[in-house]
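K.L.:
Here you go, one structure.
The values are calculated or read from the model by the stated rules, or taken from the named source; none is laboratory data. Remember, it's a predicted structure, so these values are computed and weren't measured experimentally. Cβ placement follows ideal geometry from the backbone for every residue including glycine, while neighbour counts extend to all protein chains displayed. Heads up: the accessible areas ignore ligands, DNA and RNA and are worked out on the full protein's heavy atoms, side chains in. Shrake-Rupley method; radii C 1.70, N 1.55, O 1.52, S 1.80 Å.
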Amino acid sequence: MLKTLFKRKPSSETISLEAQNIPRHVAIIMDGNGRWAKQRGLPRFMGHRAGADVLKQIVLGADEIGIKALTVYGFSTENWKRPEQEVSLLMELIKEYLQKNISHMHEHNVRIRFIGYIQGLSQELQDIIADAESLTKNNTGLTLQLAINYGGRDEIVRTMRIMAQSVVDGTLTIDDITEDYVTSHLFTKEFGDVDLLIRPSRDYRISNFLLWQLAYAEFWFTDLHWPDFTKETLLEAVAAYQHRERRFGGLQEE
Ligand code: IPE
Ligand code: IPE
Ligand code: MG
């Protein structure tokens with residue numbers, strides 16, 4: 001069944017999506033805020049602010065088309081290497097974003113979760129995060145997973161340490177450690193594998209995002225910088241996904 005969900009502007013061409021083949025779990029590396037600002041002769045911070053504004057629209061768009069989980073990369077474990085002033089502005093922006101948008105997301109039945117080493121953030125931010133999670137925890141629409149202080153390697157190491165401790169404590173045997181077990185003990189435990197990864201801004205790398213969960217994801221890139229990303233861009237990415245043939249190491253279906 002083809003369902004027309006969007007009219008592409010300015011022509012009347014439409015993007016048709018197959019309702020039964022919507023990716024369940026989509027991940028986005030929200031990159032290019034700095035380059036967007038530079039192009040306009042603005043300070044980098046303005047790019048981050050514009051990027052945060054875009055996220056709201058994309059969350060609602062993803063929910064509309066039936067994506068179940070959207071995991072977005074907001075701050076990596078490596079982003080601490082940036083100048084202190086940029087780091088503190090980014091932290092302030094995350095706080096502001098939540099304070100400004102949480103009730104709107106809640107009204108739209110969006111559930112918010114955070115992934116990453118949250119204990120490494122300021123107590124104030126941790127409290128805001130806990131409030132956002134608790135307010136939206138019973139919502140049944142899209143789950144937005146915000147990756148803050150997230151690193152794929154860090155996630156794997158933390159999970160390995162917890163598993164090793166359980167083995168030492170005698171509550172886990174080595175044979176219990178399977179791929180499914182690991183998947184269900186990562187920060188992303190509820191949604192597991194990513195179906196579609198989107199990276200804007202002309203960089204073609206993972207940058208330590210969701211290393212385990214991307215094993216069989218489809219990748220889609222766009223030259224747009226994140227602040228120029230629109231709902232239409234998301235639909236284009238999903239439409240491209242629907243033309244991919246996912247074989248998972250097997251053979252093409254007859
Ligand atoms: C992405 O934009 C936001 C974060 C990494 C926090 P950048 O700040 O990386 O923007 P570019 O890559 O310099 O353009
Ligand atoms: C990845 O972008 C992290 C986020 C978007 C939060 P970076 O800008 O940090 O990635 P690199 O440094 O270009 O790989
Ligand atoms: Mg970048």
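K.L.:
In whole angstrom, how long is each semi-axis of the equivalent ellipsoid of the stretch 19-111, when you take the square root of 5 times every eigenvalue of its Cα gyration tensor and sort them from largest down? Let's see the in-between values first.
P.N.:
On the way: eigenvalues 138, 45, 34 Å².
The answer is 26, 15, 13 Å, longest axis first.
K.L.:
222 nm [θ] for the chain, helices only, -39500 (n - 2.57) per DSSP H run of 4+, per residue, to 500? Provide the component values of the computation, followed by the final result.
P.N.:
Working: 7 runs with 102 residues, N = 254.
Taken over the chain, the calculation gives -13000 deg cm²/dmol.
K.L.:
I've got another one for you. Using a 1.4 Å probe on the protein chains only, how many percent of the accessible area of the stretch 24-242 belongs to carbon and sulfur? List each step's numbers first, then the result.
P.N.:
Working: 5390 of 10420 Å².
Whole-percent figure for carbon plus sulfur exposure: 52.
K.L.:
So, one more: Given just the C-alpha atoms of the stretch 109-162, how large is their convex hull per residue in cubic angstrom? Could the numbers behind the result be given before it?
P.N.:
Values: hull volume 4.7 nm³, N = 54.
With only Cα atoms used, the stretch 109-162 gives 87 Å³ per residue.
K.L.:
Would you kindly compute the Cα radius of gyration of the stretch 109-254 and its largest Cα-Cα separation (Dmax), both in Å?
P.N.:
17.8, 56
K.L.:
Which Cα, out of VAL167, TRP36, LEU98, lies furthest along the positive dipole direction of the chain (beta carbon charges, K/R +1, D/E -1)?
P.N.:
TRP36
K.L.:
Restricting to Cα atoms and excluding each atom paired with itself, what does the Kirkwood estimate give for the chain in Å? Walk me through the numbers before you get to the answer.
P.N.:
Details: mean 1/r = 0.0516 Å⁻¹.
Kirkwood hydrodynamic radius for the chain: 19.4 Å.
K.L.:
Helices from the chain with mean Kyte-Doolittle at least -1.0 and a Cα length along the axis of 18 Å or more, per DSSP H: which? Provide the component values of the computation, followed by the final result.
P.N.:
Working: long enough: 44-65 (32 Å, 0.17); 84-107 (35 Å, -0.54); 123-136 (20 Å, -0.16); 152-169 (26 Å, -0.12).
Helix filter hits for the chain: 44-65, 84-107, 123-136, 152-169.
K.L.:
Something else about it: Run the dipole for the stretch 24-242 about the Cα centre, Lys and Arg Cβ at +1, Asp and Glu Cβ at -1, nothing else charged, and hand back the magnitude in debye, nearest 20.
P.N.:
On the way: 23 positive and 30 negative charges, 130 e Å.
About 620 debye.
K.L.:
Hand me the tally of lysine pairs in the chain: alpha carbons under 21 angstrom apart, and the pair either on different chains or 8 or more positions apart.
P.N.:
Value for the chain: 20.
K.L.:
Here's something else I'd like to know. For the stretch 57-169, count the residues as N, evaluate 2.2 N^0.38 Å, and divide the Cα radius of gyration by that value, please.
P.N.:
Details: Rg = 15.4 Å, N = 113, 2.2 N^0.38 = 13.3 Å.
Its radius of gyration relative to the 2.2 N^0.38 Å reference: 1.16.
K.L.:
State the Cα centre-to-centre distance between the stretch 209-241 and the stretch 50-75 in whole Å.
P.N.:
One Cα centre to the other: 11 Å.
K.L.:
Related question: Over the stretch 181-248, what lengths in whole Å, largest first, do the semi-axes of the equivalent ellipsoid take, defined as the square roots of 5 times the eigenvalues of the alpha-carbon gyration tensor?
P.N.:
Values: eigenvalues 106, 43, 24 Å².
Taking √(5λ) for each Cα gyration eigenvalue gives 23, 15, 11 Å.
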